Structures are given as structure tokens and as C-alpha cells.
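The values are calculated or read from the model by the stated rules, or taken from the named source; none is laboratory data. What you see is a predicted model, and the numbers here were worked out from it, not measured in a lab. Counting neighbours? That spans all protein chains shown, and the Cβs are built from the backbone with ideal geometry, glycine included.
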Amino acid sequence: MGGSQSRSPRDGSGHGRYGHSRSFQQPAAQQWGGGGGYPYGQDPQGGGYYGAPQQAGYAAPYPAYQQPPPMPSPAAAQPPARAGGASKPRLDRRYSRIADDYHSVDQVTDALAQAGLESSNLIVGIDFTKSNEWTGKFSFHGRSLHHISNVPNPYEQAISIIGQTMSKFDEDNLIPCFGFGDASTHDQDVFCFYPDERPCNGFSEALSRYRELVPHLRLAGPTSFAPIIEMAMTIVEQSGGQYHVLLIIADGQVTRSVDTASGQLSSQEQKTVDAIVRASELPLSIVLVGVGDGPWDMMKEFDDNIPSRAFDNFQFVNFSEIMSKNMPQSRKEAAFALSALMEIPQQYKATVELGILGRRSLKSPERVPLPPPGGSHDAYSYGSKSFSKPSTYPQSSTSSSSYPHYETAQSASPAAPSTYDNQVCPICLVNPKDMAFGCGHQTCCDCGQSLDSCPICRSPISTRIKLY
């Protein structure tokens, strides 16, 4: 994996996020079960326990999962050893599958406050893989999901809605923002939105900076969420164990090569699963928002079946599915915010009861982000603590149906692909294009043999022509 440089944790003297953040107040641990709550992860509908039965409609959970190197776990998270044999790590029943039991954003907000959550400490990761160019075929009128115009693209919509919902919990208004999957990072690293690694001053600046960066980026791949999860773990460790929410917005699931055998994990899948498991030893919740056409079957598997975690720290939300429903826009936005945040209160409570909140794990990956791609530097001082750069976006109102207003009509998309990109298979991003379909688009033979529809235009494949 990339980002192997070492760095000592930031202290209050730097320009990092935590030089002036208030300390996190931990509420007294509350007894789970009873009082109207579901005792220890019990399924209120089926009478069983979440995570124990396999969900209908999904393939069997990963049989070939390899455990990552062991990390010290809190005592509360350790299951008793099995008699006559080695113990098998598994989820503590209290946190194995947190119920989706809220019905409005207000309920989620109230639950966050009742759990003692005073600060959301958000981290944002944006997917810049090449598949963004075609996964908006149906959900974004055939345009790149990163297309910049007066109309907010799906990434901007998701950032805006979550920003409006969570802004009241972000006490310092500083949001570390990162990109991954472009030609500078691939599946090995992340880049910070600013060269000096400073966070964005609120979601308005995050959106503004995103729009500045997109024209300078060259989309690439493959897709792995491990680097951004490890970056978030590093930030949590540097903060002294404050609770954080990592918001990953992506257009597709983790890359699965055609060479990966059935029942096995690809390299990117294995590293992502390992990172999610390791992250459960830290006070970090991971929310993956899926934009575009998908597919998302593997992400649902990740949400439901990742083993051996201290608590259920991963939530997948299908943004496109929610926003395509036949209901008023404000209701769709509220439904999305609810789906993304409804598990946060119980996840926060789990970090308190497991004793992992407010302490250093000493197991951080110490990942260091790359600078943003060349040509994306702006003209104002990066080191300023006042963060006084004028923003294109006015402050968002409290209404969940309002988006930032775009002042310019100029349209932009990610940087044009290079000659190399035009010669490489758009799926594996490794092999040269040597197979053409009837629609005219091309892939490599290895990837093209297993496709039913063109990955670019989504038209059914009736003709395959091998190129020499």
C-alpha cells in the first residue's frame, strides 16, 4: 500500500484540525437492553440476532476472508474462548447489527444529542475513479458524475444534504477532505484537497474546492476504500481518539478482477475489508454513499457480512435509489439523510461502552496524503488560520431542500484522458484494448468476455470483435 511515509501526530501548535478543538465529553455508559430498546442486538422482527442468519437475496458471506494482523481489542469486545479449541473472533452481540429504528431526521438528531455526541468531526472522501464517466448513464442523463455546471452533480448533492444535516454537530466547522482513485493515487493513496493538508472550512468551502479540483483531475482506478479508511484512522489517532464520521461518496463498489475466483476476494476487496475491521478498534463510523448506476450488490454484502469487528462501524446508503423515488424533493433528501445517519447514535454509544473513545490506540497506519494534482493550487494563502477565502457558495439554509447557488454558468468535467488512457481497458485499467463491441466501444478480451452490456453506453452486447 502507498503512503508509507511516517509522521508524528499533530499537536496543538500546527495548523491541523485539532489545535483548537474542544475536548470531547464522554457520557456515562448506559445499560443496553430494556427500556424500549432491543436487548443486545436482538432482531425485533425475526426474534433472532442481527448478523447471524444470512440475508435472503445475497450470496454467502466471504468464505475466503483472511484475518488481518491482530490488534489489541477492548475487553468488552472480546468473546469468550470456545471450550476445547481456539476462539473465533466475532462481533459483540450488543453491537453486531445496529437496528435501523428511526423514522425522521429529527429523531436521529435527538438520538445523537442524547448519546452525548457534541461534535461530528466529519471526514470526507471522494471517488475519482474512471467509472464515473459512464455510471451516470441512467441516473445523471449520461453525463460524467463529476460533470460541473449550474446543476449540482450527485456528489455535490450528497455533500450538500449531509452538510445541512450535520452542520449543527460540527463544532469547529473544519472538515478534512480527500480524493482517491485518480491517476495520482490509484488504489494506493489519497490526496488532500489543499497542498498544506489543511481542512476545508465547512461544507461550503468543501464544495467550492471540489469544483476547483475537478477540471485538473484525470480519472483512473482501480477502486479501493482502504486508503481513505486508513487516512481517517490516522486522523482519529492524531485527535487523541475523538469520535469521527468518515463520509465516503463513490460511484461503484471495490474492484473485483475477472481473475478472482468465486468465493474469493480481490486484492482491493481484501484490503478494504481489513481496513474496515481495523477501523472498528477506533471511534470511527464509516458511511459509504453510492452515487450513479451501481452495481451495489457487493457493498450490501460489506454492510451486512463483514466479520470480526468490535462494533458495526460500516453503513452503505444507495443515494441514487433514494433520489429516484416518486416523492417531493425535500422528502427524498430527508430520507437520504436519515438512511446515512440513523446508525450513528448507536455506533457512538458502542465506542463509549467499548472504552475506545478518547484514547489513543497506538495502531494508526500513520498514512500521509499526497498533495492535490498539479495545476489545482489557488491563489490565496493556504496557511491562514482565518480561512477567509470568499466562497462561491453562500451558507446553506436549514431547509433540507436547498442547494448552494452556483454563480457561474461555465461547464467543466474532469481532465481529458491521455493517449495512454485511450489505449487501456476502461474496466481493469491494465490490459490494452483488444476487443470491440457492436456499439463501437472497446475493452480487453479478459474483461469483455464476461460482459452482457457495454460498460460505457450500457447497450446489450450482441457482437464481439477481437482486435489484433
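Out of curiosity, is Gly374 modelled with pLDDT of 50 or more, within 27 Å of Asn153 (Cβ to Cβ) and not assigned by TED's automatic domain parsing to the domain that holds Leu247?
It is true that Gly374 is modelled with pLDDT of 50 or more, within 27 Å of Asn153 (Cβ to Cβ) and not assigned by TED's automatic domain parsing to the domain that holds Leu247.
Here's the yes/no breakdown for (1) of a type in the set (D, E, K, R); (2) in a loop (DSSP other than H, G, I, E, B); (3) within 22 Å of Val287 (Cβ to Cβ):
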residue	(1), (2), (3)
Ala158	no, no, yes
Lys168	yes, no, yes
Asp172	yes, yes, yes
Gly179	no, no, yes
Glu205	yes, no, yes
Ser208	no, no, no
Ile229	no, no, yes
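The set of residues from the range 119-156 being part of a loop (DSSP other than H, G, I, E, B) and closer than 19 Å to Pro426 by Cα comprises Phe128, Trp134, Thr135, Gly136, Lys137, Phe138, Gly142, Arg143, Ser144, Leu145, His146, His147.
As for the range 239-246, it holds at least one residue that is touching a residue at least 12 places away in the same chain (Cβ under 8 Å), more than 18 Å from Ile126 (Cβ to Cβ) and of a type in the set (Ser, Thr, Tyr). Kindly indicate whether Ser285 is closer than 26 Å to Asp187 by Cβ and part of a loop (DSSP other than H, G, I, E, B). Against the criterion (closer than 26 Å to Asp187 by Cβ and part of a loop (DSSP other than H, G, I, E, B)), Ser285 does not qualify.
The single residue among Ala232, Ala250 that is out of contact with any His (no Cβ under 8 Å at 6 or more places or on another chain) and either surrounded by fewer than 23 Cβ atoms within 10 Å (Cβ to Cβ) or on the phi < 0 side of the Ramachandran plot (or both) turns out to be Ala250. Has the range 292-306 got at least one residue that is over 17 Å from Pro365 (Cα atoms), aliphatic (A, V, I, L, M) and part of a loop (DSSP other than H, G, I, E, B)? Yes: the range 292-306 contains one or more residues that are over 17 Å from Pro365 (Cα atoms), aliphatic (A, V, I, L, M) and part of a loop (DSSP other than H, G, I, E, B).
Restricting the search to the range 298-338, which residues are of a type in the set (Gly, Ala, Ser) and touching a residue at least 60 places away in the same chain (Cβ under 8 Å)?
If the condition is that a residue be of a type in the set (Gly, Ala, Ser) and touching a residue at least 60 places away in the same chain (Cβ under 8 Å), then Ser308, Ala310, Ser320, Ser324, Ser330, Ala334, Ala337 are the ones that fit.
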